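The values are calculated or read from the model by the stated rules, or taken from the named source; none is laboratory data. Note that this is a predicted model, so its numbers are computed, not measured. Here the Cβ is made from the backbone with ideal geometry for all residues, glycine too, and neighbour counts use every protein chain on show.
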Amino acid sequence: MVSEAFSALIGQQQAIELLKGAVTNNRIAPAYLFAGPPGVGRSLAAKAFIELLFCSDSPDDKQLSIQRRLRQGNHPDVLWVEPTYLHNGVRLTAKEAAQKGLQRKAPPQIRLEQIREISQFLSRSALEASRKVVVIEQAETMAEAAANGLLKTLEEPGQATIILIAPSTESLLPTLVSRCQRIPFYRLAQDDMQAVLRQTGHEEILACSSVFAIAQGSPGEAIAAFEQLQAIPSELLAQLAQLPKSVRKALELAKEIDKTLDNEAQLWLVNYLQHYYWQHQPQPNLIQQLEQARKYLLSYAQPRLVWEVTLLELI
């Protein structure tokens, strides 16, 4: 039963071997950095690693109960931390914000208050397992104050293991990276990508070449991109399939994009259009102009103005 912990993880053999070896040899590090692009299995590997850790210390008759609680996300010795938005004094995850229909202009982040909650969680003894485990998703979103607060916890974690999930070592403070054992994750080969998408019931993505190009070996990004593509009105996509041929058309398109899509969706649209235009009319200047639009959107320039300028330049 324990040996099946990583059965759902495809294409990350090096990470699996390193994590299994740590448990087998009873050499569990106080902190790990799961470093690699999003959507390739880092969070899935973290869940499998926790399952392996907890089940290896437990008798066979209790392992099924442990697995069930871990998969339901209610094990008392595990704390899973996600970036949050702050809305009217209340922290909301990206999923919670989407459910409430909130407009999101700035990306979510790991906040100092969440780091303090981690310290409080670790200050108490484990209830059922031999250790506590904290997982911090998108650790690269920590502001400096939060990162410095986490540094103190990493120096003396006690009987606990902390897992940071981030795209690379460069995305975190060197002082944090130096206290973690790095577990590398990589983009998947095409066959592995297809296997994951079939396994998760997303076969329809295999026929969408633009989404496959955007994903670049990340099944998670492929799924997210396909869902985003479905959320954008087909009429708008049809209009953008051709470059605007007049000033009036460019201004109308800019207005429609600003009215229909929030900031996050507009950023995704820039990425989609770069791949789409490159496939259909590969001109470097188109890609460069869209890249400039991305920079303006990320700097919180007025979105409608950004699209007006960009689309006028594309005429």
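Evaluate region 183-192: report whether one residue or more is of a type in the set (Phe, Trp, Tyr) and buried (at least 21 other Cβ atoms within 10 Å of the Cβ). Scanning region 183-192, I find at least one residue that is of a type in the set (Phe, Trp, Tyr) and buried (at least 21 other Cβ atoms within 10 Å of the Cβ), so the answer is yes. Only one of the numbered conditions (1) acidic (Asp, Glu); (2) surrounded by fewer than 16 Cβ atoms within 10 Å (Cβ to Cβ); (3) under 30 Å from residue 32 (Cβ atoms) is not met by residue 235, and that is (3). Looking only at residues of region 266-315 that are assigned to a helix (DSSP H, G or I) and in contact with a Lys or Arg (Cβ under 7 Å, 6 or more places away or on another chain), we find that the one that is surrounded by the most Cβ atoms within 10 Å (Cβ to Cβ) is 270. Part of a strand (DSSP E or B), in contact (Cβ under 8 Å) with a residue 24 or more places away in the chain and out of contact with any helix residue (DSSP H, G or I) (no Cβ under 7 Å at 6 or more places or on another chain) - does that describe any residue in region 31-46? Yes.
When region 194-226 is limited to residues that are β-branched (Val, Ile, Thr) and in a helix (DSSP H, G or I), the one that is nearest to residue 267 (Cα to Cα) turns out to be 214. The set of residues in region 11-30 being more than 20 Å from the chain's Cα centre (by Cα), closer than 17 Å to residue 169 by Cβ and part of a helix (DSSP H, G or I) consists of 14, 18. Screening region 58-85 for residues that are under 27 Å from residue 98 (Cβ atoms) and of a type in the set (D, E, K, R) and picking the one that is modelled with the highest pLDDT gives 82.
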